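What follows is a set of notes on a single structure, which appears directly below.
The values are calculated or read from the model by the stated rules, or taken from the named source; none is laboratory data. It should be emphasised that the depicted structure is a prediction, and the values quoted were computed from it without experimental measurement. Heads up, the Cβs are rebuilt from the backbone with ideal geometry, glycines too, and the neighbour counts pull from every protein chain shown.
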Amino acid sequence: MEKQRKKQKKKLNNKKVVVISGILLVLLIYLIYVIYLLIKQPTNVFTIEEGKLYKEETDIGYVIRNEKVVRGENYKNGMEQIITEGEKAAANENIFRYYSTNEENLKNKIAELDGKIQEAMAKEDTNIPTSDVKTLENQIDQKIENINKITNMSQLEEEKKQIDELVSKKAKIAGETSPQGSYLRSLIDERKGYESELNSGAEYVKAPISGIVSYRVDGLEETLTPDNFSNLSKEYLEGLNLSTGKIVATSNEAGKVIDNFYCYIATITSSEEAKQAKVGDKVKVRLSNNIETDAEITNIIKEDDGDIILILRLTEQIKELINYRKITFDLIWWNASGLKVPNQAIVTENELNYVVRSRAGYLSKILVKIKKQGDKYSIIESYDTEELKELGFSDTEIANYKKISIYDEILINPDLSKVEE
């Protein structure tokens with residue numbers, strides 16, 4: 001009896017295994033079929049949304065500027081910047097100076113006298129006009145308070161320099177109000193003498209033109225200029241052996257002034273868009289800071305191997321390019337925004353373009369205009385009445401014309417034979 005029960009139980013279990021195996025097999029076949037459909041055609045419906053389309057390429061660019069290098073006689077003495085890197089200067093304005101031969105010794109003597117002057121001012125009754133001193137002291141206190149909040153080294157140096165100037169003004173007032181022969185007056189007169197000697201021994205260098213001041217001098221300023229575009233070649237540019245993205249080193253002997261109204265980027269390309277480009281075409285450039293700026297093609301130089309050198313003129317983001325001579329950038333030939341759809345959703349019939357809209361199970365063939373087409377997507381829009389008339393549509397057809405709009409659902413790879421007219 002026990003054996004019979006075990007036998008029946010075993011048969012029941014076998015049946016369960018067969019049923020479960022059958023169910024799993026069906027599920028597996030269904031899963032394989034679904035995966036096949038997804039691979040063959042991931043989805044057959046696309047919801048239209050607003051989007052943007054670019055036609056762009058990433059290129060290497062050589063930065064060319066209208067820039068004037070300035071160098072004085074005493075360039076071996078070292079230099080002090082009067083106008084800092086990236087700031088603007090007017091023509092004939094002092095932008096930097098070379099140190100005098102005995103500068104370090106003179107500065108030490110002036111600093112020593114400043115300390116003595118401060119002590120003398122604290123002890124001596126100088127009858128300094130209260131309002132003048134109060135104003136200077138308030139300015140000094142404010143500068144000292146600001147220093148505690150500054151982290152930028154160049155800005156910190158500038159603040160300290162301004163504090164020294166304010167202290168010197170205060171000392172000068174004290175000296176002028178002190179009687180002849182007084183200790184304070186003699187200290188200040190001695191300081192004036194050292195200061196005069198310091199200034200007379202220094203060589204000041206002026207800006208030859210107005211523009212942006214830079215101390216990043218690489219020796220290409222006189223050869224890589226807007227005046228010799230016609231002599232540029234692929235061999236010459238590549239022969240410069242420049243490192244892409246490398247920051248030009250700061251010079252301790254010379255500076256330069258850069259025209260802040262425009263600069264150029266020369267690039268070598270072989271794209272189809274470059275081959276069809278014309279002088280005067282407007283494009284966009286995207287720099288490493290991710291900012292897009294307008295550019296104009298001013299020169300096109302064709303190489304024997306089929307490559308093309310394009311010269312792009314920029315009127316913005318000039319300061320951004322000061323640090324570099326060779327860069328990576330994106331050249332944007334065109335961009336368009338609007339209703340973005342996959343190219344697979346567009347079908348052409350009798351030289352007109354259509355999409356198939358699905359709405360409540362009803363399929364409609366919608367005539368659309370392609371504004372711009374990329375490799376995978378297009379920007380489309382509906383025709384207006386005048387455009388439909390130019391295409392030869394009748395008034396009735398125009399009145400019944402269906403327009404495409406955002407959030408419409410359209411078919412991918414549509415079969416026009418299944419669409420009701």
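At a glance:
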item	result
Residue within segment 325-341 that is in the same structural domain as GLN276 (by TED's automatic domain parsing), surrounded by fewer than 17 Cβ atoms within 10 Å (Cβ to Cβ) and farther than 23 Å from GLU50 by Cβ present	yes
Checklist (1) out of contact with any Ser or Thr (no Cβ under 6 Å at 6 or more places or on another chain); (2) over 15 Å from THR47 (Cα atoms); (3) in contact (Cβ under 8 Å) with a residue 12 or more places away in the chain; (4) not in a loop (DSSP other than H, G, I, E, B) applied to TYR383, failing item	(4)
Single residue of segment 273-289 satisfying the filter (part of a loop (DSSP other than H, G, I, E, B), of a type outside the set (A, V, I, L, M) and at pLDDT 95 or above) that is nearest to the chain's Cα centre (by Cα)	ASP281
Residue match in segment 351-362 (condition: at negative phi and part of a loop (DSSP other than H, G, I, E, B))	no
All positions within segment 224-249 that are at positive phi and out of contact with any Phe, Trp or Tyr (no Cβ under 9 Å at 6 or more places or on another chain)	ASN241
In segment 386-421, residue surrounded by the most Cβ atoms within 10 Å (Cβ to Cβ) [restricted to those that are among the hydroxyl-bearing types (Ser, Thr, Tyr) and touching a residue at least 40 places away in the same chain (Cβ under 8 Å)]	SER405
Matching strands (runs of 3 or more DSSP E) fully within segment 201-272 where at least 1 residues are loosely packed, with under 15 Cβ neighbours inside 10 Å and among the hydroxyl-bearing types (Ser, Thr, Tyr)	203-206
Residues that are within 15 Å of LEU321 (Cα to Cα) and without any contact (Cβ under 8 Å) to a residue 60 or more places away in the chain, drawn from segment 223-251	ALA249
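Per-residue answers, yes or no, for (1) under 30 Å from the mean Cα position of the chain (by Cα); (2) of a type outside the set (Ser, Thr, Tyr):
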residue: ARG359; (1), (2): no, yes
residue: LYS372; (1), (2): yes, yes
residue: TYR377; (1), (2): yes, no
residue: GLU390; (1), (2): no, yes
